[in-house]
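**Q** Got a structure here, written out as structure tokens. Questions coming.
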Amino acid sequence: MEDFKFEHVSVLLDEVCDFLDPKETDIIVDGTLGLGGHTKELLKRTDGKARAYTFDLDSRNLKIARDTLQRFEGRISYINDSFSTFDHYYKVMKMDGIDKVVLDLGLSSPHLDIAEHGFSFKRRGPLDMRYSRKQKITAATLLNKLPADQLTMILKSFGELSNAKLIARKIVEERAVSPFKYTDEFASRIEVCFHPKDRIKGLTCIFQAIRIAVNDELRTLSKGLESLYNHLSSNGRIAVISYHSLEDRIVKNFFRKLEKPLETDPEKSLRSIYADPLVEMITKKPVKPGEKEVEVNPRSRSAKLRVIRKI
């Protein structure tokens, strides 16, 4: 494994912490710990007195985060699992309500910067893309085994690629000659599906689509949001940072359903189809990084932050 020293910059750090406004008595859940930046700042703002339950599928991230968060030892639980399994840990760890939740979706810096993780076509690495090594299915499994129609569905649904069918056919043709093994090699054999000026964007969308499929990211997000909201205390807050339209749409629609829940009482439904709101939308529009942040951390440019408060 390459020896990297990460200069980690958490996206929208001040905005997340300002909106969540952590208190000393809070139970905080970081569902996507990464390298620990958001949790570190949230705990710092409570003089380290709040308690945090942190989730990450990647055990390598947890190891780095433990070092970053060493000063808060005893106040943080590290869970090597997906936040979509929160219900299970809520019972097992005997939690009693949660007050603040942060989800910083997508990739962490090591996933892109370490070639052996297989997330980037800019570095030669195995076609892996798994957040968790416990999982058996890799990007290579999907690209070398799935039939063209399933590949088309993945590329269209998760990569929003208009030429998904063409790309799927090319993948099937190429793997018949020799199976795909490496990220850069796969990219070089498929890039002919795009006009030269569109290749970087096109390959990025392909890699996004395969990564989402490998890790079942959208279902995980939907299930996790539901679970976390169900255990959120009154006045508790959830902050979610998303990086592409598919994630953001799920978050936006979930929050809107809570802001305008359908009325279930037959008598009241005659007067209004909506019941009283279950949440307050703290961010009326998604918050995006400013020019200075994007300049320092270009990977933050597509980030969108949405925050709700449970009524």
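The values are calculated or read from the model by the stated rules, or taken from the named source; none is laboratory data. Because the structure is a prediction, the values reported are computed rather than measured. Methodologically, a virtual Cβ is constructed for each residue, glycine included, from the backbone with ideal geometry; neighbour enumeration extends over all protein chains shown. Calculation scope for accessible area: heavy atoms of the full protein, side chains included, ligands and nucleic acids excluded. Shrake-Rupley method; radii C 1.70, N 1.55, O 1.52, S 1.80 Å.
**Q** Computing the accessible area with a 1.4 Å probe over protein heavy atoms, can you report the carbon and sulfur percentage for the chain?
**A** Carbon and sulfur together cover 51 percent of it.
**Q** Can you give the calculated 222 nm mean residue ellipticity of the chain, where each DSSP H run of n ≥ 4 adds -39,500 (n - 2.57) and the sum is split over every residue, rounded to the nearest 500 deg cm²/dmol?
**A** Helix-only estimate at 222 nm: -12500 deg cm²/dmol.
**Q** Expressed in nm², what is the orientationally averaged projection area of the convex hull enclosing the Cα positions of the stretch 198-311?
**A** Over all viewing directions, the stretch 198-311 projects a mean Cα-hull area of 9.7 nm².
**Q** Give me the orientation-averaged projected area of the Cα convex hull of the stretch 1-158, in nm², one decimal.
**A** Mean projected area of the Cα convex hull: 11.0 nm².
**Q** Place a +1 charge on the Cβ of each Lys and Arg in the stretch 72-151 and a -1 charge on the Cβ of each Asp and Glu, then give the dipole magnitude about the Cα centre in debye, rounded to the nearest 20.
**A** The calculated dipole for the stretch 72-151 is roughly 300 debye.
**Q** Please name which of TYR182, MET153, VAL29 has its Cα lying farthest along the dipole of the chain towards the positive end, using unit charges on Cβ (Lys, Arg +1; Asp, Glu -1) and the Cα centre as origin.
**A** MET153
**Q** Can I ask one more? Putting +1 on Lys and Arg Cβ atoms and -1 on Asp and Glu Cβ atoms, find which of ILE137, THR39, TYR229 reaches farthest to the positive end of the dipole of the chain.
**A** Most positive-ward Cα: ILE137.
**Q** Nothing charged except the Cβ atoms of Lys and Arg (+1) and of Asp and Glu (-1): what's the magnitude of the dipole of the stretch 156-226 about its Cα centre? Round to the nearest 20 debye.
**A** That gives a dipole near 160 debye.
**Q** For an R0 of 30 angstrom, estimate the FRET efficiency from the Cβ-Cβ distance between LYS310 and ASP81 and round to the nearest 0.05.
**A** Computed FRET efficiency for LYS310 and ASP81: 0.80.
**Q** Which value, in debye to the nearest 20, describes the size of the charge dipole of the chain about its Cα centre when Lys and Arg Cβ atoms bear +1, Asp and Glu Cβ atoms bear -1, and nothing else is charged?
**A** With Lys and Arg at +1 and Asp and Glu at -1, about 540 debye.
**Q** Let me ask something additional. Assuming R0 = 35 Å, what is the FRET efficiency of ASP216 and ASP21, from their Cβ-Cβ distance, to the nearest 0.05?
**A** 0.60
**Q** Hey, which of these cross-link pairs are over 18 Å Cα-Cα: LYS257/LYS310; LYS23/LYS310; LYS252/LYS288; LYS63/LYS134; LYS91/LYS310; LYS49/LYS100?
**A** Exceeds cut-off: LYS91/LYS310.
**Q** What list of whole percents do you get for P(r) of the stretch 184-247, with Cα-Cα distances grouped in 10 Å bins up to the one holding the largest distance?
**A** 16, 36, 25, 14, 8, 1
**Q** Right, next: Please compute, over every Cα-Cα pair in the chain, the percentage with a separation greater than 27 angstrom.
**A** Percentage above 27 Å: 46.
**Q** Can you divide the C-alpha Rg of the stretch 140-198 by 2.2 N^0.38 Å and report the result to two decimal places?
**A** Normalised by 2.2 N^0.38 Å, the Cα Rg of the stretch 140-198 equals 1.05.
**Q** Could you work out the Rg to Rh ratio of the stretch 142-249, with Rh taken as the Kirkwood radius (inverse of the mean 1/r over all Cα pairs)?
**A** Taking Rg over the Kirkwood Rh, I get 1.10.
**Q** Ignoring ligands, DNA and RNA, what accessible area per residue does the chain give at 1.4 Å, in Å²?
**A** Per residue, the chain has an accessible area of 51 Å².
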